[in-house]
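What follows is a short report on a single structure.
The values are calculated or read from the model by the stated rules, or taken from the named source; none is laboratory data. Small disclaimer: the values here were computed from a predicted structure and weren't measured. Here the Cβ positions follow ideal geometry from the backbone for every residue, glycine too, while neighbour counts run over all protein chains shown. What goes into the accessible areas is simple: the full protein's heavy atoms, side chains included, and nothing from ligands, DNA or RNA. Shrake-Rupley method; radii C 1.70, N 1.55, O 1.52, S 1.80 Å.
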Amino acid sequence: MSFFFKSPLDIEINFDGEDSREIIEVNSTKGRKERLPVYKDGETVKGTLIVRTRDNKKVEHNGVRVQLLGTIETHHEGNINNDDFLSFAQELAAPGTLQKSINYPFEFRNVEKMYESYRGMNVRLRYYLKVTVSMKSSDIIKEREIWVYQYSNLNNLLAESDSKTTQIPVDKNQSNDKDNNNNNNNNNNKSQSPPSSAISTVKMDVGIENCLHIEFEYSKNKYPLKGVIVGRIYFLLVRLKIKHMELSLIRRETVGSGTNQSSESKTVVRFEIMDGAPVKGETIPIRLFLGGFDLVPTYRDVNKKFSTRTFLSLVLIDEDARRYFKQSEIILYREEEK
Amino acid sequence: MSKQSSITPQEQQKLLDNSISIIKSEIYQMRKCLDNKHKLMDALKHASNFLNELRTSSLNPKQYYELYILIYDGLNYLTLYLKDNGNNNNNNKSNTNYLIDLYELIQYAGNIIPRLYLMITIGSIYLNNKDAPINEVMNDMLEMCKGVQNPIRGLFLRYYLIQRTKNYLINSASSNDDKTTDNIINFIINNFIEMNKLWVRLQFQGHSSEREKRIIERNELKILVGSNLVILSQLDSINLKKYNELILPEILKQIINCNDSIAQNYLLDVIIQIFPDNFQISSLKIFLNSLLMVNMNVNITLLINSLIDRLIHYKLRNNDILNDNSFLNEFIKFIKKLNEMNVEFSINDYCLILNEILKLSLIFNNDDNYEIINLIYQLSIEKYELSKDKKDSDKFKIILKSIKNFKNFQDFLKINDENYFKLFNLQSMKVKNEISNIIINKIIENNIIIENEDELDRVFKYFNKSILFKDGVLSNEHISDTKLDLFGEINNKTTKLSLDDNDKSQKDMKFKNNLKISKFINFVYNKDINIQRKLLEKIENYLSNGNEECQIDIIPTLIYKYMKLLTDMKSISNEEENIDVKEMNKIFNKISKLIEIIKEAEPIEAIRLNLDNAILSNSINLNNITYEYFIETFIIYEELIIENKIQYESLIIIINTLMSMDNMIINDIEEFDKLILKATLYGSRLMKKSDQCRAIYKSSHLWWINKDSEEGEGDDDEGEEDTTPITLKRDDKRVLECLQKSLRIADSISDRNIAIELFIEILNESVYYFIHGIESVSIRYLNGLIELISNSFKENGRSEIQYGYYERTLKYIKAQRPIDSRFFDIVTV
């Protein structure tokens, strides 16, 4: 990030033990892959700054500073909003003259990183180091992003959770408009709310009167990102000409709060679990490995700025391409690997 | 599937071709990735691509199978690669991990069809790994396959499952412990159940107007379902216990519960065909019970037939192994239950099944066999009694015909036939006749000699009710059948027409039947003449109660049997020097009475029989009887022979017979003379002159009878080469009178050619007498005859036939000259 065509200084940020550190590949805004080192909450960020002058010229400066910043960057109705929620700084050099190359070690000890890094549709949450060499004219700045994982285990999740597995009737989203009025009012919701807070199987009993009646069951409502969703669907009544059935995982990102709030959803996974029409009494198994997909942990409220939630949606498609679906939220969390 | 109907066959073919080319190209790509670069991930991507082609709903089962075959080969290549790769990886553990990872990895595939095919591909390799949690993998594959509920795609997927795991299943079931075997059995049965459900469900896909099309499709797919059972049958470690307690009940339960006739028909037959013979026998009870529960449209009869056929072949191949026939009772129980449960069960099918059971029973030699057979006859009667339509009786014909299959037909004469006879009596006359014919044929074929009264009674019991039956039941029945027109009234016109036709064919039939009985009578024989006589009397008695036609047709045979009996009596009494004349007389009297019965209908036959008996009685020297037979003959000749040609022929036979009555001539010449006078008189009364002429010159021989010397061997002259015949009777004057008379008659015939022919015949007779030295026939007489003939030729011209005959006669005369000098005096110009 240099504003000059040719900066008189060349700044390099190196982290200690970078070679052995876990690296994550993320898509950059420019569509390239970026490789970023991964840090945990509370982990010390430590490294060395190398500042070189070009062509061994003497460069005068008004001091060298390094910062560790955490920012939430939101896009809302064309406006970009930056909000720093974390800021640490360290002065590395008093004003003076630079010649040749100088190494400045730096260390931010046991930094609390409250949130997980996130790149969403309208929100970015990023952590980065910012080196500023103050100059007479304009400062020379160099940034480097790090990626932060926020691990949680099931226990603290349960403690915090006041999970509201929402009760939604089978939503029917008809692509065939002519039949629109047919079943809309017949939605028959027999959902049973799962016992709150505990980790439990999710059981639901839904249907459209005289048309379809299914019972489905997922082993859990909370999954680690590398977990697997296991469940089954039991068909009690089938009068629809079902063509196939799929599961989707939908990520809903909500930005802002109050009246300013806006949400956007993205289907992350589409997974066919049944081909053809079952008959009454048939049980269809569900197994969906999550690890291979681009999923993010569930965050209900990130610094009052945004939230990310994931919904598991069961979709039945009939022979006339009408879609019948039932969504329920699942809680995803990042589990520390042993 | 519903969209399929809107696709034309051309479009379908195009889609198929397109899919085939995609599959081929993707397989090629996959192989390239595996062979050159070991890029497994890319290879799996290509595999997933070609597997996507199996997601189509637009092809018919045959076309889908084409894709399946290609894909099977493609996945086979992948399997071999992964196996090799695993083997190179010597460390077993890392190989296991590698497969576990792979098994999980391919489950990310978004579409279920490619995902499951790949899962099965990798899972099946995994099964061969000793450290693998085999049971879990097997169950997992099985469970996940439930995701495919489309019948055709599901059937092929599960077929792939069973094909891929087949080797593992067969190998492990034979080498491993009981629990493994049980797991494997359960695995296959489970897959079978699911496949059958899909198969049955296919029937209900699409529009109901496509029902026929669905049936065709289902038949094309049935082998896929059956393959599960085939693999089950190939598991070595299955024993009877497992089959009866674990396998069969489960399979049958599914087959019964699916309540689908196509499935039941096919699968039950598969069970019959593929499991070993001894399994079939030991599971008979379970199997037959299931047959009672199948859908109405299932062809139980066909299934029973193929089961019994199988058992029959088993018995025939392993006669020594299979001796216990107690399983037959299961069939009896089955048919009883079947009848109880479904009174309306078709009589036809019922009979077919009973007949099969009969067939099976009959190949066993066990003592209680005939009890079972008897039971079957009883069941038939019971079924008949339930039937309201008495015309159904004919349907039981097949049961009655079963006696054809008796291993030893002699048994038929011994078994308790009470039920059989009852059933027989329920039949129409036509069927009864047919069965009687079978009985006779079997006796003849097997050369069975009926030698006691019981056996004879047994057989005639059937004949009495059929062929011999007295009332014209047959024709009555006929009228009631066909003579009613639409309005139930007798239509006279057609009646007459068809009656004539039918009469003829009925007569033919009756005659054939009677002929059969005649043949049969020849198989009645006991060498004890007293018993034989009783047997013949019994037959006579039966015949006397029979209808007229059969009497007429059969009596001649009986007479010849009596004559044979007489001959036997004679030869025995010759040995014992004690002729029981009284008894013989009685028999001859019987014969006469029998001839009396038939003479009006068959006068020629009656004459022949009388004459034969004359010869027989003459040979026994019972001259009174001989005389009686001739008198009887003459009466028939006079009263019943009307046609002149037959008169002539009969007369010639009479003359010839008279000539052989040696004992009568010797012992009772007066009576004999009366007879020959009568015979000669008949000759002169014949209608045609040529017949008169011939009859009279033939009668000439009645006055000059020789007996060959060999017959007189019993006399004191020890014949040596003495061939000179003994003269029994010689009256030269009478001989000449006859010749003269015949000559006169011949001369009075206006057709000279006939006259000349007769002259030559008389010349020949004369030459005969000349040779034998009858004085009245002199050289002068002969020369006169020759002159008469040659003059006649001059007057009438030489007709070739007669002249040739004449020349041959002259040539003969000339040829006699060297032997007998008297011939030189005959003028042969």
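I'd like the carbon and sulfur percentage of the solvent accessible area for chain B, probe radius 1.4 Å, heavy atoms only, ligands and nucleic acids excluded.
Carbon with sulfur: 49 percent of the solvent-accessible area.
Can you tell me the mean projection area, over all orientations, of the convex hull of the stretch A:1-156's alpha carbons? Units nm², please.
Mean shadow area of the hull around the Cα atoms is 11.3 nm².
Relative contact order for the stretch B:321-427: what percent, with Cα pairs under 8 Å and sequence separation of 6 or more?
31
How much of the pair distance distribution for the stretch B:761-829 lies past 16 Å, counting alpha-carbon pairs only, in percent?
Summing the P(r) tail past 16 Å for the stretch B:761-829 gives 44 percent.
Students often get this wrong, so check it: of A:LYS220/B:LYS32; B:LYS14/B:LYS253; B:LYS32/B:LYS197; A:LYS266/B:LYS62; B:LYS407/B:LYS432, which have C-alpha atoms separated by over 32 Å? Walk me through the numbers before you get to the answer.
Values: A:LYS220/B:LYS32 43 Å; B:LYS14/B:LYS253 42 Å; B:LYS32/B:LYS197 40 Å; A:LYS266/B:LYS62 41 Å; B:LYS407/B:LYS432 22 Å.
In this structure, A:LYS220/B:LYS32; B:LYS14/B:LYS253; B:LYS32/B:LYS197; A:LYS266/B:LYS62 lie more than 32 Å apart at Cα.
How many angstrom lie between the C-alpha centres of the stretch B:94-124 and the stretch B:798-824?
Comparing the Cα centres of the stretch B:94-124 and the stretch B:798-824, I get a distance of 117 Å.
Let me test this: with uniform point scatterers at the alpha carbons of the stretch B:505-553, what is the Debye-based log₁₀ I(q)/I(0) at q = 0.19 1/Å?
Here the Debye-derived log intensity ratios amount to -0.65.
Relative contact order for the stretch B:188-271 using alpha-carbon pairs under 8 Å, separation at least 6, rounded to a whole percent? Kindly include the intermediate steps, with their values, before the conclusion.
Numbers: 43 pairs, mean separation 34.5, N = 84.
Dividing the mean separation by the residue count of the stretch B:188-271 yields 41 percent.
If the convex hull of the alpha-carbon atoms of chain B is projected onto planes in all directions, what is the mean projected area in square nanometres?
59.8
For chain B, find the longest principal axis of its Cα atoms and tell me its angle to the long axis of helix B:732-747, 0 to 90°, nearest 10.
The two axes meet at around 70 degrees.
So if R0 is 22 Å, what FRET efficiency would B:ASN452 and B:ASN405 give, r being the distance between their Cβ atoms, rounded to the nearest 0.05?
Once the sixth-power term is evaluated, E becomes 0.30.
Find how much the distance from A:GLU145 to A:ILE50 grows on full extension, using 0.36 nm per residue of separation minus their present alpha carbon separation; answer in nm with one decimal. Present the calculation step by step, with values, prior to reporting the outcome.
Details: separation 95, 0.36 × 95 = 34.20 nm, distance 1.66 nm.
Between A:GLU145 and A:ILE50, full extension yields an extra 32.5 nm.
In percent, what relative contact order does chain B have, based on Cα pairs under 8 Å that are 6 or more apart in sequence?
Numbers: 833 pairs, mean separation 37.7, N = 829.
Once normalised by length, the contact order is 5 percent.
Probe radius 1.4 Å, ligands and nucleic acids left out: can you give me the accessible area buried at the A-B interface, summed over both chains, in Å² to the nearest hundred?
1900
Roughly how many Å² is the accessible area per residue of the protein assembly as shown, as a whole number, for a 1.4 Å probe?
Each residue of the protein assembly as shown exposes 49 Å² on average to a 1.4 Å probe.
Take the alpha carbon atoms of the stretch B:358-382, find their center, do the same for the stretch A:1-61, and report the distance between the two centers in whole angstrom.
Centre-to-centre distance over Cα atoms comes out at 101 Å.
Say each of B:LYS213 and B:ASP17 gets a label point 7 Å from the Cα, pointing the same way as Cα to Cβ; how far apart are those two points in nm?
It works out to 2.2 nm between the two label points.
Which residues of the stretch A:286-334 bury at least 50 Å² of accessible area once all protein chains are present, versus their chain alone (1.4 Å probe)?
Residues shielded by partner chains are A:ARG287, A:PHE289, A:GLU319.
For all pairs of alpha-carbon atoms in the protein assembly as shown, what percent lies in each bin of width 10 Å, listed from the first bin to the last filled one?
In whole percents, the pair-distance histogram is 1, 7, 10, 11, 10, 9, 8, 7, 6, 6, 6, 5, 4, 3, 2, 2, 1, 1, 0, 0.
Is it possible to state the helix-based mean residue ellipticity at 222 nm for chain B, with each DSSP H run of 4+ residues giving -39500 (n - 2.57), the sum divided by total residues, to the nearest 500 deg cm²/dmol? What is it?
Helices in chain B give a 222 nm mean residue ellipticity of -23500 deg cm²/dmol.
To the nearest 0.05, how large is the calculated FRET efficiency for B:MET341 and B:LYS241 if R₀ is 41 Å and r is the Cβ-Cβ distance?
Plugging the Cβ-Cβ distance into 1/(1 + (r/R0)^6) gives 0.90.
With a/c under 1.5 counting as rounded, go ahead and sort the stretch B:321-427 into rounded, prolate or oblate using the C-alpha gyration tensor (a ≥ b ≥ c being the square roots of the eigenvalues; past the cut-off, prolate if a/b is larger than b/c, else oblate).
Oblate, since a/c reaches 1.5 and b/c is not below a/b.
So between B:ASN783 and B:LYS470, what do we pick up on full extension, going 0.36 nm a residue minus the alpha carbon distance?
106.1 nm
Can you put B:HIS772, B:HIS701 in order of accessible area, largest first, using a 1.4 Å probe?
If we order B:HIS772, B:HIS701 from most to least accessible, we get B:HIS772, B:HIS701.
Within the set B:LYS315/B:LYS336; B:LYS461/B:LYS527; A:LYS243/B:LYS146; B:LYS527/B:LYS564, which residue pairs have Cα atoms separated by over 18 Å?
B:LYS315/B:LYS336; B:LYS461/B:LYS527
Testing the spin-label approximation: label points 7 Å from Cα along Cα→Cβ at A:SER134 and A:ASP84. State their distance in nm.
1.4
Could you tell me the convex hull volume per residue, in Å³, taken over the Cα atoms of the stretch B:178-325? Please list the in-between numbers first.
Values: hull volume 16.6 nm³, N = 148.
Dividing the Cα hull volume of the stretch B:178-325 by its residue count gives 112 Å³.
Efficiency by 1/(1 + (r/R0)^6): what FRET value for B:LEU386 and B:MET41, r their Cβ-Cβ distance, R0 = 45 Å, to the nearest 0.05?
Using R0 = 45 Å, I get an efficiency of 0.05.
On a 0 to 90 degree scale, rounded to 10, what angle separates helix B:92-105 from the longest Cα axis of chain B?
90
Report, in degrees rounded to the nearest 10, the 0 to 90 angle that the Cα long axis of helix B:669-684 makes with the longest principal axis of chain B.
Taking the Cα atoms of chain B, the angle to B:669-684 is about 80 degrees.
Any idea how far the Cα center of the stretch B:733-792 sits from the one of the stretch B:391-454, in Å?
When both Cα centres are located, 64 Å separates them.
What accessible surface, in Å², does a 1.4 Å probe find on B:MET41, ignoring ligands, DNA and RNA and rounding to the nearest 10?
Accessible surface of B:MET41 is approximately 100 Å².
Distances over 16 Å make up what percent of all Cα-Cα pairs in the stretch A:44-97? Display every interim value, and only then the final one.
Details: 893 of 1431 pairs.
I get 62 percent for the Cα pairs in the stretch A:44-97 exceeding 16 Å.
Enter the per residue convex hull volume of the stretch B:1-132, computed from alpha-carbon coordinates, in Å³ rounded to the nearest integer.
Values: hull volume 12.8 nm³, N = 132.
Per-residue hull volume (Cα only) is 97 Å³.
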